[in-house]
């Protein structure tokens, strides 16, 4: 059986780091805070690997099915019989996998930051925040209670807010962290209401019981959830859709994605950790956690997930083709890849061969974490060297940054889906799942995969080839061992992670899923990917005017995508023009002219009398009294005559 | 006799303290500083005494009743008064008539105790008056400021008006049912138009005291003009006491008319949250800001009340406990700054963190709690109110409440941003905080963190219902 203490230590060690560095860091650990944070996380990582090994190979399987184990459960608050908020740990294939992914990527980022953030004034604070984030994310993935997940979900939001706004003297960083916080908070309201609906009907907050109740049609909870409806849609579907909105906010799905590109204002290693590999997949994880309910009880909510994912994947890929800030390109590519994971869940069914999408989605989450973290950390090395995020300041860097160049190339090949790199395998499974269950989504995905290869290699050639490098004098080189080691380790992961037989470990129903390799099927995506790469090479390998000509010939489309389809502008328009004008201004007008006017008119009679004692007080109390009386009479009329 | 002593113990203790203060004042008197210390110790003893020798029962033919829940509610109010005596030490020490101030405050508290314990409309009315009139006198305590007198005048006039309507409502109820006893009323209520009218009259008196929209107009003027100690007393202690009795009346007495008052509570809750928030958005003065945001908070309390269940009672009492800590902490910080630097505008708080980190952190904690951000207690408080409200199944109501939580988040964070992020070349000087105020702020901060994390508190309250 699993050892609960060891598992509990996995999130608690980073928390200890946060408390220690947060409280005493500036005084006592000014220079050693990085080492302390990294060591604690190293222990966490070892424990996570140990736990995952134990779960997958020793005790997790009973009769060929991976079980959902709950090695630790502490009832924190008992509402009533059956409804309680627990703090617990759930161990199943996806949480075991996520423990490894989160700790490993976080460890890489910790090590990398030793070099990248060296000399920063608030070094201990940075490591304290990283610890807080890692704790929240680990707590989120092991949550055994839907409420526990919500608490950690909010904590993840808070720590992301802190890290995006880390350079708090930069106005753009402050604006970005605010935007991220507000957009995701809006989505979280959906999540909270979704939780309330689901738990209200199922009568529990515990994940295992909730899933069991809402997937078996004979239970009372299922019946009440399926019967209650609002605007013709059942409460169950509403609940799930609202929970998905929460997930879509965190995972930057269209149209709630606008915060992600701006979030790139944080330090680059943070972007690698939070906005690429871990936090943004929380939404995917949430859908996966509740997957049985989605798949068995509400196909409508699941297809919502599928279409939102597919649209996000395509739109983000289009936008990524025209951006010039390298971190923004990577941000949009993240959104696009998460779209892949979402629609893979959306086209999946529960159990057996049809559950391929679920496995594929989790597989892609795993491989994506590797190569996306690698891309961001590589981009960090480039930015560290050139002190700019803009493509036009780069070019020809392959001679100056050889290790970064090779590892970045491996990551690009992986994300473009070129065999035998990791991305190829997971993407093939996703495409296969889509092909079998939803042709529309399959075609969107196929086009997206070609676009992905194109924009990634556009980025690669612009950074490392194109024009000759303009590097001025004194440079420190690639940034030392601390920065290079994570790159190499992640590159190895991005190269070979695809050979893991993922279906043996993670599947929708816990049974072993054989994933076959179909050679004919792979021809189309790989060919498209290669085509994308060659077009990018033809356009960007050397300095020429083809890109400009190309942009000019498609000027309308180019402009639209360059401005990210004007989605930010639409939001601004809706809030500034429509909400302020249609609601704010009229409300102010009514307040000023009608409410005040009414009160003034009725108050005028008494005003004459008040003239006498005007010197003593402002003359408003009579108006208050009139207002009071009018309200009482109004309410009385309302309730006696109309609202019986 | 024995019954009388144990059941009425809280009231007797307070009366004893009032007389003690009176004798000290009539005698030689003490130096202000010693006096304040004596008062603080007495109030602490009063709070601690609330935990011993408690009993449940009724007195005077049901005119007065007490239960363990009521004792808990009185303890919460006593705690609040003790905190006020700590937090506003600066202002008290300067005041010439400090003992009188506390006599008035304790008289008001006595009124509130009787209010919560009342089992009869007559008792209820007397107690309500006793809890109001001394506060009007307290509002006048900045003797050299015209605005303070104005606030007192406005308060006494408006509450006289509200009392008039309340008396009218009580007489209608007596006319319609022939009784004014809380125990007998429910059998007589049937929802006839006359009774609805009486309910609304009664309701308006509660709404006036709780500053529920549209009966809130007096709030801003009175809160702004009064001394900060009075403002915090009004917005925390008064509101807490009235919310307790309001809930008890609706749940126990007007239970037969539940369908009617549910709608009443719902529309007024929505109006209160929205209007309170919209006004709080524009405020520049910290006192007005806290006043309007406390109006919005009352909207949430109504949401909890609307659930008409055990969970409703529990969540409201729990929320008010948290609200005592959070709101008093915010007022305490504002008072410390106003007393030493004479500034009350939010703009003056820019860059406060550079010079006064302790005050900044306490303020941030308090505002986070008021905004309902985890892991502060305020988050759990709001959450239980929402969950209680959601049990009635009116999703639209819950959605509006949740959206209002976001709006409030914006203005609370605005203050925090001023304090922590905005640069200011001339921030306020380092403020020396009175030791007792510092103790009060620390108690509040500890309360804000612990009440949320210690889950047995919620369980304890739930078991009392």
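Quick note: the coordinates plus some simple rules give every number you see, no bench work behind them. The structure displayed is predicted, hence computed values, not measured ones. Neighbour counts are summed over all protein chains in view; Cβ atoms, including those assigned to glycine, are modelled from backbone coordinates with ideal geometry.
Over what distance in Å are the Cα centres of region B:268-291 and region A:109-147 separated? Each part reduced to its Cα centre gives a spacing of 37 Å.
Using C-alpha pairs under 8 Å with a sequence gap of at least 6, the mean separation divided by the residue count of region B:316-465 gives a relative contact order of 41 percent. Relative contact order, percent, of region B:2-464 when contacts are C-alpha pairs under 8 Å separated by at least 6 residues? Taking the mean separation of contacting Cα pairs over the length of region B:2-464, I get 15 percent. Taking the average, over residues, of other Cβ atoms within 10 Å as the packing measure, peptides A:155-167, B:451-463 rank A:155-167, B:451-463 from highest down. Per residue of A:191-199, other chain Cβ atoms within 10 Å of the residue Cβ number 3 on average. You can think of it this way: the chain between residue B:423 and residue B:358 has 21.6 nm of extra reach, that is 0.36 nm per residue less the Cα-Cα gap.
Determine Rg/Rh for region A:216-263; Rg is computed over alpha-carbon atoms and Rh is the Kirkwood hydrodynamic estimate from the same atoms. Write out the running numbers ahead of the final one.
Working: Rg = 15.0 Å, Rh = 12.4 Å.
Rg/Rh: 1.22.
The alpha-carbon atoms of region A:401-447, seen along their principal axes, cover 44, 17, 9 angstrom, with the largest extent given first. The C-alpha radius of gyration of region A:194-301, expressed as a fraction of 2.2 N^0.38 Å, stands at 1.24.
Which peptide among A:266-275, A:489-498 comes first, and what is the full order, when sorted by highest mean count of other Cβ atoms within 10 Å?
By packing density, highest mean first, the sequence is A:266-275, A:489-498.
Give the relative contact order (percent, whole number) for region A:250-321; include only Cα pairs under 8 Å separated by 6+ residues. Could the numbers behind the result be given before it?
Numbers: 35 pairs, mean separation 26.8, N = 72.
Once normalised by length, the contact order is 37 percent.
Summary of packing: across the peptides B:230-242, B:132-144, the per-residue average of other C-beta atoms within 10 Å ranks them, highest first, as B:230-242, B:132-144.
Can you give the direction-averaged projected area of the convex hull of the alpha-carbon atoms in region A:119-260, in nm²? Walk me through the numbers on the way to the answer.
Working: hull surface 37.8 nm².
Its Cα hull, projected and averaged over all orientations, spans 9.5 nm².
Dividing the radius of gyration of the alpha carbons in the protein assembly as shown by their Kirkwood radius gives 1.01 for Rg/Rh.
If each DSSP helix of 4+ residues adds -39,500 (n - 2.57) and the sum is divided by the residues in the protein assembly as shown, what number results at 222 nm, nearest 500 deg cm²/dmol?
Values: 48 runs with 773 residues, N = 1109.
Mean residue ellipticity at 222 nm (helix-derived): -23000 deg cm²/dmol.
Shielding of peptide B:403-411 by partners, expressed as the average count of other chain Cβ atoms within 10 Å per residue Cβ, is 2. Rounded to the nearest 0.05, the FRET efficiency derived from the C-beta distance between residue B:68 and residue B:41 at R0 = 22 Å is 0.25.
For the pair residue B:60 and residue A:73, a Förster radius of 45 Å applied to the C-beta separation gives a FRET efficiency near 0.35, rounded to the nearest 0.05. Name the residues of region B:73-111 whose amide N is less than 17 Å from a point 7 angstrom out from the Cα of residue B:53 along the C-beta direction? Correct set: B:75.
Can you give me the Rg/Rh ratio for region A:314-398, using Cα atoms for both radii and the Kirkwood formula for Rh? Walk me through the numbers before you get to the answer.
Working: Rg = 16.2 Å, Rh = 14.4 Å.
Ratio of gyration radius to Kirkwood radius for region A:314-398: 1.12.
Taking each residue in B:189-196, count the Cβ atoms of any other chain within 10 Å of its Cβ, then average. What number comes out? Present the calculation step by step, with values, prior to reporting the outcome.
Details: counts 0, 0, 1, 1, 5, 1, 1, 7.
Partner-chain Cβ atoms within 10 Å, mean over residues of B:189-196: 2.
Each residue, residue A:121 and residue A:23, gets one label point 7 Å from its Cα in the Cβ direction; the gap between the two is 2.6 nm.
What's the Kirkwood radius of chain B in Å, using all Cα pairs? Can you show the working numbers first?
Working: mean 1/r = 0.0449 Å⁻¹.
About 22.3 Å for chain B.
Note on residue B:19 and residue B:394: with the Förster distance fixed at 51 Å, the Cβ-Cβ geometry gives a FRET efficiency of about 0.55.
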